[in-house]
Amino acid sequence: MTNKLALAVLLLAAPAGAEDWLDGAAKSAREAVIPGVPAPEPAKKGWIPFIPNSRLFSGEIPAEGWWPMEEETATGSVFRLLGADSQSGSVRATMSVRFYDKDTPGFTPIKQAVEIMRKEDKTFPREITPVRPVRVGLGLARTFEIVETRRMPSEDGPAFEEELHHYVAVIPVGEAYYLIRLISSRATYLDYRDDFVRFMKSMRTLSR
């Protein structure tokens, strides 16, 4: 009886709340390794429904790690998701969405627009992957990647070269189309690939 009483006193004195043992149990479950059974995948960050003020599209965006913003330009509304800075601090991972139709100033048909984006640039040598079709919520996207080196300005000194990576998707909607792009440093581009694909696949068009 004395031993049981002493144990009860120790448990009551322990400064543990409900969240402590819950967190501990979750951590133990994640770290548990059972022979022949694959380890559980780490928890993925949440996504939330989103519609920009311009009603450019509807879709899902990450609940954390990205910051949405929108601005008006000479060719219409541009939606952007701003991510983290590169290690150099000169490039910020950014996803953008634009919509082009016949009412857009200087409208370029989709086929010609893709050819222009994929055109070689002697000023900034680049590598471009072949166009690959991907089925998304809006239809059939034409996707490709671009790797290029640019001289980036530095607030602390002269400009320097940084290798950039572009994920590009062009999605036709009738004769109009969406242009979705993710730009980041080449060193970190794989960190954002899944976010780009999920965001692109979640997009739906709205009555504009």
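In what order do Leu164, Leu179 fall by count of nearby beta-carbon atoms within 10 Å, going from fewest to most?
Lowest count first: Leu179, Leu164.
In nm, to one decimal, how far is the modelled label at Arg132 from the one at Asp101, with both set 7 Å along Cα→Cβ?
With each label placed 7 Å out from Cα toward Cβ, I get 3.1 nm.
Could you tell me the relative contact order of the stretch 47-202? Use alpha-carbon pairs under 8 Å, at least six residues apart, and round to a whole percent.
Numbers: 292 pairs, mean separation 32.6, N = 156.
Taking the mean separation of contacting Cα pairs over the length of the stretch 47-202, I get 21 percent.
Using 20 Å as the cut-off for backbone N distance, which residues of the stretch 166-181 belong to the label zone defined by a point 7 Å from the Cα of Arg55 along Cα→Cβ?
173-179
Explain nothing, just compute: Karplus ³J(HN,Hα) = 6.51 cos²θ - 1.76 cosθ + 1.60, θ = phi - 60°, for every residue of the stretch 76-86 in order, whole Hz, x for Gly and Pro.
Result, rounded to whole Hz: x, 6, 10, 9, 9, 10, 9, x, 8, 6, 6.
Can you pull out the GluC sites (Glu not before Pro) in the stretch 77-183 whose DSSP state is coil and whose Cβ has at most 14 other Cβ atoms within 10 Å?
Filter output for the stretch 77-183: Glu120, Glu155, Glu175.
R0 = 30 Å: FRET efficiency of Glu120 with Ser88, Cβ-based, nearest 0.05?
Details: r = 26 Å, r/R0 = 0.86.
According to the calculation, E is roughly 0.70.
Select from the stretch 38-121 those trypsin sites (Lys or Arg not before Pro) which occupy a DSSP coil region and have at most 14 other Cβ atoms within 10 Å, ordered by residue number.
Values: sites: Lys44, Lys45, Arg55, Arg80, Arg92, Arg98, Lys102, Lys111, Arg118, Lys119; in loops: Lys44, Lys45, Arg55, Lys102, Arg118, Lys119.
Those satisfying the criteria are Lys44, Lys45, Arg55, Lys102, Lys119.
Which one of Pro68, Val136, Ser88 is farthest out on the positive end of the charge dipole of the stretch 37-144, using unit charges on Cβ (Lys, Arg +1; Asp, Glu -1) and the Cα centre as origin?
Looking along the dipole axis, the top candidate is Val136.
Read the figures in this text as sums done on the coordinates, not as results from a lab. Treat the numbers as computed from the prediction; the structure is a model and nothing was measured. Virtual Cβ from ideal backbone geometry, glycine too; neighbours counted across all protein chains shown.
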